[in-house]
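Down below is the structure, laid out as structure tokens.
The values are calculated or read from the model by the stated rules, or taken from the named source; none is laboratory data. Predicted model only: the values in this text are computed from it and were never measured. Glycine gets a Cβ as well: all are built from the backbone with ideal geometry, and neighbour counts include every protein chain shown.
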Amino acid sequence: MNIPTVDIGCYVTGGDLQSDDVKQTVKLLHEAISEHGFCYLKNHGVPRELVENVLKSSRQFFKLPCSTKLQFARPQDSDKNHGWVDLERERHGQLYCSEHSDYGSITLLFQDSTGGLQILGKDGEYHDVPRVPDAVLLNIGDLMQRWTADKYPSTKHRVVVAQDALERRQDRQSIAFFVQPDNDALITCLDGSNKYPPITSFDYLMQRYGVTY
Ligand SMILES: O=C(O)CCC(=O)C(=O)O
Ligand SMILES: [Fe+2]
């Protein structure tokens, strides 16, 4: 499957929104995410060094003893949705990155070179989505699909660790940034169709967490 790469440099550097460059970028972005719900972004403005530093810090963090990591654990019975989740809980809830779609508006994902991410194509088959150096992967979440009355698909995906990586006991790292609108933002179908009733971003998220955690 060919996930398109869109260069958003002209927008990131503050280009005039009415310029042909920006209009063309918007068109390509629209086409890419309408088709796959996924696309790579180039010239996204996040410095490579920053990404590498975050990966390094997270490597250090995960090597800490469990007792230390527990101090930063995500509370189980509160609406605070950040913090460390141990593998057992993660397996229970999220089935360790088996097939799922993301909840929010968009997700930005940096992967390492291990690979393993796959997306479900319209053909019903899973397709590898390898890392593209210096690009960030953007994907549409369920709330954005609802917001766009299903025009932008929240495509199902999963992570499978390749046999050779398993044998080498190679660690895999990725950084996912889940973008969620402000809690009180009312999500109403943008095309006026009212295909889904309006819901606040917070209520939607809580509904979903209620099912998963
Ligand atoms: O680690 C990855 O490549 C993807 C993870 C993912 O899909 C998620 O956390 O929602
Ligand atoms: Fe995901």
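Some notes on this structure:
- Test: residue in the range 15-26 that is of a type in the set (Ser, Thr, Tyr), touching a Leu at 6+ places or on another chain (Cβ under 8 Å) and modelled with pLDDT of 95 or more: no
- Scanning the range 139-153 for residues that are away from ligand 1 (no atom under 11 Å from the Cβ) and closer than 18 Å to GLN207 by Cα yields ASP142, LEU143, MET144, GLN145, ARG146, TRP147.
- Residue count for the range 133-161, restricted to those that are β-branched (Val, Ile, Thr) and within 10 Å of ligand 2 (Cβ to nearest atom): 2.
- Hits in the range 1-42 - residues which are in contact with a Gly (Cβ under 6 Å, 6 or more places away or on another chain) and not in a helix (DSSP H, G or I): MET1
- Set GLN76, GLN163, GLN173: member being near ligand 1 (Cβ under 10 Å from one of its atoms), modelled with pLDDT under 90 and not basic (Lys, Arg): GLN173
- Taking the criterion of being among the basic types (Lys, Arg) and in contact with a Leu (Cβ under 6 Å, 6 or more places away or on another chain), the only residue of the range 149-204 that qualifies is LYS156.
- Helices (runs of 4 or more DSSP H) (entirely within the range 95-213) containing at least 2 residues that are surrounded by 13 or more Cβ atoms within 10 Å (Cβ to Cβ) and not small (Gly, Ala, Ser): 142-147, 201-212
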